[in-house]
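Contents: one structure, followed by commentary.
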Amino acid sequence: MADIDKLLVSFLVDEVVGGFFISVPPGHIACVYDRGRGVLKKVWGAGLHLKIPFWQVAKLFNAQVVEYTIRHGFDLTLQEALGDEPLNAVTADNKVVTVEGSVLFRINKDDAPQLWENVGDNFVSKVVRPVSRSRIRTVIAETTSENLRLRREGVETKIRDELNKIFHEKGLNCEGVLLSEIRVLGERSMENSLPEPSLEPHNVETGKLVFEEKK
């Protein structure tokens, strides 16, 4: 019975004392789910804010610019890890290339409630990774291998703009794309398709964008 009392006291202290407040650190924002009105449109910035314990649940989001890394050896076994393995693509002159680089993006503060409500926590695996794969390959398919080498900055800008066409609808913003390495593997064979990134485990690098709910 004593153990149960300790658990109840711990729970009540957390809810009655800590449950009244949302502590938002610098570089982060908070959204609130109200059990009567759903996800509120208001977004809380850095600081200490009041909420209704039990009735409202707060979730913290990282609002800083984060790096989504496309590189060899990235661990795809963690679906929300910030990155991907090198992408294979076909250029306009039918060359198979492999691409490594970084996508810099952040959550749009004003659109965070929409992101939480419509996409949920797993927006890296649902939006960032599939859209990045698709848009990078699309832009490369419209570019010759020579232009990839000579006009890389223009290609990076075009990929960023293509990403934002979809990112903005989801509450995200691409700040920039940096292509660190583009290697030509050879001519594309008509009977061969491009392999997808391996799912074998490698060294992991993760970045936390969504944090535990505060009830």
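Computed from the coordinates by the stated procedures, all read-outs in this text should not be read as laboratory data. Keep in mind the model is a prediction, meaning the values are calculated, not measured. Because the Cβ atoms are built from the backbone with ideal geometry, glycine has one as well, and the counts that use them run over all protein chains shown.
The calculated FRET efficiency for E175 paired with W55, based on their beta-carbon distance and R0 = 45 Å, is about 0.80.
With only Lys, Arg, Asp and Glu charged, each at its Cβ (+1 for the first two, -1 for the last two), find how big the charge dipole of the stretch 24-171 is about the Cα centre; round to the nearest 20 debye. Please report the intermediate quantities before stating the final value.
Numbers: 22 positive and 19 negative charges, 87 e Å.
I would put it at about 420 debye.
The modelled label-to-label distance for the pair A141/F20, using points 7 Å beyond Cα in the direction of Cβ, is 5.8 nm.
Given a Förster distance of 45 angstrom, what is the FRET efficiency for H72 paired with K41, based on the Cβ-Cβ distance and rounded to 0.05?
Working: r = 42 Å, r/R0 = 0.94.
Computed FRET efficiency for H72 and K41 comes out at 0.60.
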